[in-house]
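Comments concern the structure below.
The values are calculated or read from the model by the stated rules, or taken from the named source; none is laboratory data. Computed from a predicted model, the values in this text were never measured in an experiment. Cβ: placed from backbone, ideal geometry, glycine included. Neighbour counts: every protein chain shown.
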Amino acid sequence: MLELEGLVTAFDTPRGRLRAVDGVSLKVDAGRTLCIAGESGCGKSVTALSVMGLLADNARVEAGRILFRGRDLVPLPPAERRRLRGRELAMIFQEPLTALNPVLPVGDQVAEVFRIHGTAGPNEARERAMALFEQVHIPDAARRFGEYPHQMSGGMKQRVTIAMALAHRPALLLADEPTTALDVTIQAQVLNLLAELQREIGMAMVFVTHDLAVVAQIADEVAVMYAGRVVERAPVAELFERPAHPYTQGLLAARPRPGQTRHDGTPLPAIRGNLPPLGQRPAGCSFRDRCPRAEARCADETPALRPVARGHEAACLLLEAAP
């Protein structure tokens, strides 16, 4: 359904053109879920926005291909990309409050999707939007239809954005951390809703998240990003059972566990240091300054993805010495 081949997305800044996504190659099949995981600033959201053609004015896809159903989206004119968005490609954004227009009723915002694409007149658009409210389990849909975003809870607002994204039953859905601002109960409801709708529609889904618990719950495949590059990709069970890259191992080790506390004198595990900012990434392996196993050669060569097991790849020069 979607395949990225050597995607490079760069931003024009006062310090020159800086790459936020640097040679990313991924794919996801129909009916499957690919999770892109990593810390904030790794390039996850920029990858998704590159696919949708929603980059900021100072950003551009510099190289690579974005193949949707075998068709490269990069050279398409803006008007043609817009015709695809909302129909065959759709996106759920991280913060529903900023994704919705505060001065329009939420029902009108969902109905607008049908009107803009010319797939329904005003009356039919309202009926179809009401049906979507019921599909995403918004209670008392008729009353909620006329409410404004500030009158709804975070979970209800996120259901509205999901309804907007699914209006035309897209073949590909990109979800950019759609549960980050929600409490755990609402988060579980949203994840279950997305899984239910995916089974019903058969769409492919790319789910961007930094939450490994979410990854374990919904993913079929996982790509771990660091500093704009994919450093490991594998089926979800394989990744959790046998993480190969030191960064992935650090992320998994830092997960909170039952019984952990800051008050027993034992520090909680963490990855030392911080993600290098754009324009200050070290030569060689970008993770080497934070890696507990780094060697001198890690400063000289940028590692490429190499096979670890069937369907499992990692970008680390030390793999041959890994236990």
Index of the failed condition, ALA20 passing every other in (1) out of contact with any helix residue (DSSP H, G or I) (no Cβ under 6 Å at 6 or more places or on another chain); (2) surrounded by 20 or more Cβ atoms within 10 Å (Cβ to Cβ); (3) assigned to a strand (DSSP E or B): (1)
Would you pick out the residues in segment 288-323 that are exposed (fewer than 13 other Cβ atoms within 10 Å of the Cβ), modelled with pLDDT of 85 or more and among the small types (Gly, Ala, Ser)? ALA296, ALA304, ALA309, GLY311
Matching residues in segment 116-141 (part of a helix (DSSP H, G or I), modelled with pLDDT under 85 and either of a type in the set (Lys, Arg) or over 21 Å from VAL190 (Cα atoms) (or both)) number 2
So ARG71 fits all but one of (1) at pLDDT below 95; (2) under 24 Å from LEU194 (Cα atoms); what number is the exception? (2)
Wholly enclosed strands (runs of 3 or more DSSP E) of segment 165-249 bearing at least 1 residues modelled with pLDDT of 85 or more and over 16 Å from the mean Cα position of the chain (by Cα): 229-235
Give VAL103, VAL113, VAL51, VAL61 a once-over and let me know the one that is β-branched (Val, Ile, Thr), at negative phi and touching a residue at least 60 places away in the same chain (Cβ under 8 Å). VAL51
Taking interchain pairs and intrachain pairs at least six residues apart, which have beta carbon atoms under 9 angstrom, with the first residue in segment 119-131 and in contact (Cβ under 8 Å) with a residue 40 or more places away in the chain and the second in a helix (DSSP H, G or I) and buried (at least 17 other Cβ atoms within 10 Å of the Cβ)? THR119/VAL113; THR119/ALA125; THR119/ARG128
Consider CYS285 carefully, then state whether it is closer than 30 Å to THR13 by Cβ, part of a loop (DSSP other than H, G, I, E, B), in contact with a His (Cβ under 7 Å, 6 or more places away or on another chain) and modelled with pLDDT of 90 or more. no
If you scan segment 1-17, which residues turn out to be surrounded by fewer than 18 Cβ atoms within 10 Å (Cβ to Cβ) and either under 16 Å from the mean Cα position of the chain (by Cα) or aliphatic (A, V, I, L, M) (or both)? GLU3, VAL8
I need the full set of residues from segment 84-114 which are in a helix (DSSP H, G or I) and more than 30 Å from VAL46 (Cβ to Cβ), in order please. GLY107, ASP108, ALA111
